1. What residue, of LEU94, LEU98, is in a helix (DSSP H, G or I) and either in contact (Cβ under 8 Å) with a residue 60 or more places away in the chain or within 22 Å of the chain's Cα centre (by Cα) (or both)?
2. Please indicate, with yes or no, whether at least one residue in the range 11-31 is of a type in the set (Ser, Thr, Tyr) and at pLDDT below 75.
3. Only one of GLU69, GLU38 is of a type in the set (Asp, Glu), surrounded by 10 or more Cβ atoms within 10 Å (Cβ to Cβ), at pLDDT 85 or above and assigned to a helix (DSSP H, G or I). Can you tell me which?
Amino acid sequence: MADHSSHHHDTESGVIAEPQTKAIWKTFVILSVLTAFEFLIAFTLHHGFLKTSIFVLMTIVKAFYIVGEFMHLKHEVKSLIWAIVLPCIFVVWLLLALLMEGGFVFIAR
């Protein structure tokens, strides 16, 4: 039988894990830059398809970055990532198709 008394957990020996402040600041800076870019677009471009497309694209980029960082999906296997991403893409496509068709019905009458 192995002697387990020599094995200590890090918290038992008084060693505290080093904080991940560098990663937190990196995430903060990246999300801040993306948000600043969104504000720039919001106040400089006129309303229209281009502005809406940029906002949708930036929202998707920020969402994937947040999911990758805070849900740790960027460290997972690629098949798990695609199992999450593909259904989301199809749901977005479905929503766009429904909105476009719904708008067409109102315009046609």
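The values are calculated or read from the model by the stated rules, or taken from the named source; none is laboratory data. All values derive from a computational prediction rather than experimental measurement. Heads up, the Cβs are rebuilt from the backbone with ideal geometry, glycines too, and the neighbour counts pull from every protein chain shown.
1. Matching residue, one of LEU94, LEU98: LEU94.
2. Checked against the condition, which is being of a type in the set (Ser, Thr, Tyr) and at pLDDT below 75, the range 11-31 yields at least one hit.
3. Exactly one of GLU69, GLU38 is of a type in the set (Asp, Glu), surrounded by 10 or more Cβ atoms within 10 Å (Cβ to Cβ), at pLDDT 85 or above and assigned to a helix (DSSP H, G or I), namely GLU38.
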